[in-house]
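The values are calculated or read from the model by the stated rules, or taken from the named source; none is laboratory data. Predicted model, so just to flag it, every value in this text is computed and none were measured. Every residue, glycine as well, gets a Cβ built from its backbone with ideal geometry; the counts of neighbours run over all protein chains shown. What goes into the accessible areas is simple: the full protein's heavy atoms, side chains included, and nothing from ligands, DNA or RNA. Shrake-Rupley method; radii C 1.70, N 1.55, O 1.52, S 1.80 Å.
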Amino acid sequence: MRDGGTVAVIGGSIAGCAFAAAAVRAGAREVVVLERTLGRLEDRGLGLCVHDERAAELTATGALPAGIAAHRLVRRRWVVRDGSGTGTGAPSAGPAAGGRVIWEQPFPFHSYHWGLLWRGLRDGMPAAVDYRQGETVTAVVRAGERAEVRLGGGGAERYDLTVGADGYRSVVRRTVCPESRPHYAGYVCWRGNLDARRAAALDPSGGEWDDAVTTVCFPGGSCVVYRIPGPDGPRVNWVLYATPPPGALGLDDPASDPTSFPAGRLSPELTEHLAGLLAREFPPYWAAVLSLTEPEDTFVQPIYDLETPRTTSGRFLLGGDAATVVRPHNTSGAAKALQDASAFETAWREAASWDGLLRGYEEARGPAGRDLVALARRLGRAQVERTPPWAAMNERDVEAWWREQLAGAAGIGGGSMEPAPRES
Ligand SMILES: Cc1cc2nc3c(=O)[nH]c(=O)nc-3n(C[C@H](O)[C@H](O)[C@H](O)COP(=O)(O)OP(=O)(O)OC[C@H]3O[C@@H](n4cnc5c(N)ncnc54)[C@H](O)[C@@H]3O)c2cc1C
């Protein structure tokens, strides 16, 4: 499409920044980002990972600016609390302190600090983007051939196209597919991060696990721990998945709205439950590391699944978590949001009309998003809802169990956007 056009992007997080930049690169005449948060978005910082091949593709398309701080990971170790092992995975004072490694697999990812990733995307955004903070969108409606955006302050604005990059509780999704809403998966994650120097003080191995993701496996859950860069030096990031005590979240009613529990505001019940899991199920070293997390750096986030039957309707389009909420086991959410923005840019360049753009985007991203949701659901079932007898499994058993979860998928971290090689 050569004629420019006006675009509103609702939400100025990972997906929103990437979509706004993509719209400018593709030739939009005017791009506005409407973000409800006032103040510093980068302070939301937590860890995430992006697969190295996805990162390379996204850097090539321009969706991932170069130079954002990232920490290299090469392997993933699956560990159980067990006194009987050799302690090969143990940065420990004794053989059992770090647990027993039941399997190690390659993990070609880099980890990021959310705030530093967002800052890199925000700074990389073309100056032409009008990024407005403190703007809450209350509804979007069709206005003939255009998209009307209604604002919390009472005003309304019309654009040729509106992108919903407004996350798992998307207002834009209510118009594109009102029938779709996030479903609580039945478990939560406790998340936290801490200064890596504090963890290092407990680690006589001197950083043996710097390049590894450690997954602590226990009956009814699992926990991933890895390093991330941070604004004031490296941090340790952890995500522990388990079922919360019954009734602790008020989420057992499927009609309840999606929610999360901000840092420092965990109920005593959720704090005690976490402490109990660490004491009962964790190798002592990992329990000690996680216990160093300050209450203000500890969150609880319910896990949701959301898939949408369509990503576009009228002059509206959904990207990132607004389009699909993928359980985090897949390690793909940020990459998927950036891929959505890249696909949007390609669809724009290749289309002769708005309808062509919207069709091209749905063809590229609709099925890809639904595949990710399905894979992450299998991973969540295997790693939390129906955990295997990990401590009794050998390397071959664990690898077979892993392959079963993939069910033919190439791996985790999201699929490639490169066209598959043609058969000769
Ligand atoms: C525990 C956990 C671990 C994760 N780990 C990884 C990982 O390792 N790798 C990975 O790639 N991804 C990971 N993710 C997922 C990843 O963080 C997200 O998928 C990704 O950041 C895309 O987010 P988004 O920009 O679409 O939405 P969000 O980050 O939710 O942003 C939505 C934005 O819209 C704004 N907004 C919402 N409603 C309105 C409104 N009405 N008006 C105006 N503004 C509005 C919000 O303020 C927000 O800024 C993880 C997620 C979780 C929960």
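Key figures for this structure:
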| read-out | value |
| --- | --- |
| Residue under evaluation residue 378, criteria (1) away from the ligand (no atom under 16 Å from the Cβ); (2) not acidic (Asp, Glu); (3) not assigned by TED's automatic domain parsing to the domain that holds residue 313, criterion not met | (3) |
| Hits in region 323-336 (condition: more than 6 Å from the ligand (Cβ to nearest atom) and either within 8 Å of the chain's Cα centre (by Cα) or not hydroxyl-bearing (Ser, Thr, Tyr) (or both)) | 323, 325, 326, 327, 329, 330, 336 |
| Residue list for region 17-44, restricted to those being surrounded by fewer than 22 Cβ atoms within 10 Å (Cβ to Cβ) and within 30 Å of residue 72 (Cα to Cα) | 25, 40, 41, 42, 43, 44 |
| Identity of the residue in region 170-186, under 19 Å from the mean Cα position of the chain (by Cα) and part of a loop (DSSP other than H, G, I, E, B), that ends up nearest to the ligand (Cβ to nearest atom) | 170 |
| Residue list for region 347-363, filter: without any contact (Cβ under 8 Å) to a residue 40 or more places away in the chain and either surrounded by 19 or more Cβ atoms within 10 Å (Cβ to Cβ) or not in a helix (DSSP H, G or I) (or both) | 347, 360 |
| From the options 289, 300, residue that is over 26 Å from residue 119 (Cβ atoms) and outside the structural domain of residue 163 (by TED's automatic domain parsing) | 289 |
| Close pairs from region 325-338: first in a loop (DSSP other than H, G, I, E, B), partner of a type in the set (Ser, Thr, Tyr) and near the ligand (Cβ under 6 Å from one of its atoms), Cβ under 9 Å, at least 6 apart | 326/332 |
| In region 45-62, residue farthest from residue 331 (Cα to Cα) [restricted to those that are of a type in the set (A, V, I, L, M) and either open to solvent by 40 Å² or more (accessible area, probe 1.4 Å) or more than 9 Å from the ligand (Cβ to nearest atom) (or both)] | 60 |
| For residue 21: the one exception among (1) in contact with a helix residue (DSSP H, G or I) (Cβ under 7 Å, 6 or more places away or on another chain); (2) within 15 Å of the ligand (Cβ to nearest atom); (3) assigned to a helix (DSSP H, G or I) | (1) |
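Per-residue answers, yes or no, for (1) more than 16 Å from the ligand (Cβ to nearest atom); (2) among the aromatic types (Phe, Trp, Tyr); (3) outside any loop (DSSP other than H, G, I, E, B); (4) open to solvent by 40 Å² or more (accessible area, probe 1.4 Å):
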site	(1), (2), (3), (4)
138	no, no, yes, yes
158	yes, no, yes, yes
168	no, yes, no, yes
188	no, no, yes, no
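Matching residues to (1) outside any strand (DSSP E or B); (2) under 21 Å from residue 109 (Cβ atoms); (3) open to solvent by less than 20 Å² (accessible area, probe 1.4 Å):
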position: 194; (1), (2), (3): no, yes, yes
position: 197; (1), (2), (3): yes, no, no
position: 205; (1), (2), (3): yes, no, no
position: 209; (1), (2), (3): yes, yes, yes
position: 213; (1), (2), (3): no, yes, yes
position: 222; (1), (2), (3): no, yes, yes
position: 236; (1), (2), (3): no, yes, yes
position: 246; (1), (2), (3): yes, no, no
